[in-house]
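Report on one structure; see the data block that follows.
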Amino acid sequence: MNILIFGPNGSGKGTQGAVVQKKYNVTHIESGVIFRENIKGGTDLGKKAKEYIDRGDLVPDDITIPMILDRLKKDDCKKGWLLDGFPRNDEQAKALDEALKKAGIQLDCVIEILLDREIAKNRIMGRRLCAADNNHPNNIFIDAIKPAEKDGEMVCRVCGGKLSARSDDQDEAAIGKRHDIYYNTKNGTLAAVEYFKKLSQNSNGSPRIIELDGKPGVKEVSEELMKKLG
Ligand code: AMP
């Protein structure tokens, strides 16, 4: 099973992605995570990407597209993959579609999480990352996933791990830029979603398109997702 997942920053895309990953035992590839690992490791790629990420801009396509296409060639992708955070614009969508066709790889399903921009912004500003596992959801503004407290400090509600906020999550201007890119239907991420919807319409419903309302809590959204995935 090869799947794309779309949703604005703050829609719970990473969390739902982890649910899908478990259900199908596919490899979860998150472009943002690959960039952050490279920044942490001080690699050349990380150095090049950091300034764009800190500003909330997209890392240029000539860095990002080959990075993801190379990642999809790795052995752990043979059992299927879930791609999250890529494609982010129409150029990346086209490059991915063409690369998959060339390699004879089928895209089975496209998941889109729908959420208003204002709600997404508040969710981003409240989210905290667990040092032990980036799939442990914590958000200071959402009661259901509020961090726990230990010795007067906020810790992960799942494992008690250390929490931190991403620097690009606390900067309203950077969040605004990321959302400008996502909600752009002309050549941003919604244009990439549209690219695959058209592809589906023109090829008898392949890939399958699944739309989800992102407003309810994490549990409700994942139940809906499981129902629709079948
Ligand atoms: P994310 O963790 O998905 O929010 O990604 C964090 C940042 O990494 C984004 O704001 C971009 O700067 C960069 N990034 C992630 N995915 C892509 C992509 N597909 N194309 C360009 N830049 C990306």
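The values are calculated or read from the model by the stated rules, or taken from the named source; none is laboratory data. Since the model is a prediction, treat every value here as computed from it, not as a measurement. Here the Cβ positions follow ideal geometry from the backbone for every residue, glycine too, while neighbour counts run over all protein chains shown. The protein model used for the area step is the full one, side chains on, heavy atoms only, and it has no ligands, DNA or RNA in it. Shrake-Rupley method; radii C 1.70, N 1.55, O 1.52, S 1.80 Å.
In table form, for the structure just shown:
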{"item": "Qualifying positions in segment 195-221 - in a helix (DSSP H, G or I), more than 16 Å from the ligand (Cβ to nearest atom) and either modelled with pLDDT of 95 or more or under 17 Å from the mean Cα position of the chain (by Cα) (or both)", "result": "Lys197, Lys198, Leu199, Ser200, Gln201, Asn202, Val218, Val221"}
{"item": "Leading residue by the ranking (most open to solvent (accessible area, probe 1.4 Å)) among those in segment 186-230 that are free of Cβ contacts under 8 Å to residues at least 60 places away in the same chain and touching a Leu at 6+ places or on another chain (Cβ under 9 Å)", "result": "Lys228"}
{"item": "Within segment 181-190, considering residues that are over 16 Å from the mean Cα position of the chain (by Cα) and within 16 Å of the ligand (Cβ to nearest atom), the one nearest to Lys13 (Cα to Cα)", "result": "Asn184"}
{"item": "Residue in segment 161-174 that is in a loop (DSSP other than H, G, I, E, B) and modelled with pLDDT of 95 or more present", "result": "yes"}
{"item": "Hits in segment 130-156 (condition: touching a residue at least 12 places away in the same chain (Cβ under 8 Å), surrounded by fewer than 19 Cβ atoms within 10 Å (Cβ to Cβ) and in contact with a Lys or Arg (Cβ under 8 Å, 6 or more places away or on another chain))", "result": "Ala131, Ala132, Ile140, Phe141, Ile142, Ala144, Ala148, Met154"}
{"item": "Within segment 67-85, tally of residues that are farther than 11 Å from Thr27 by Cα and touching a strand residue (DSSP E or B) at 6+ places or on another chain (Cβ under 8 Å)", "result": "2"}
{"item": "First in segment 45-61 and under 17 Å from Gly188 (Cβ atoms), second anywhere and of a type in the set (Gly, Ala, Ser), Cβ under 6 Å, 6 or more apart", "result": "Gly56/Ala174; Val59/Ala49"}
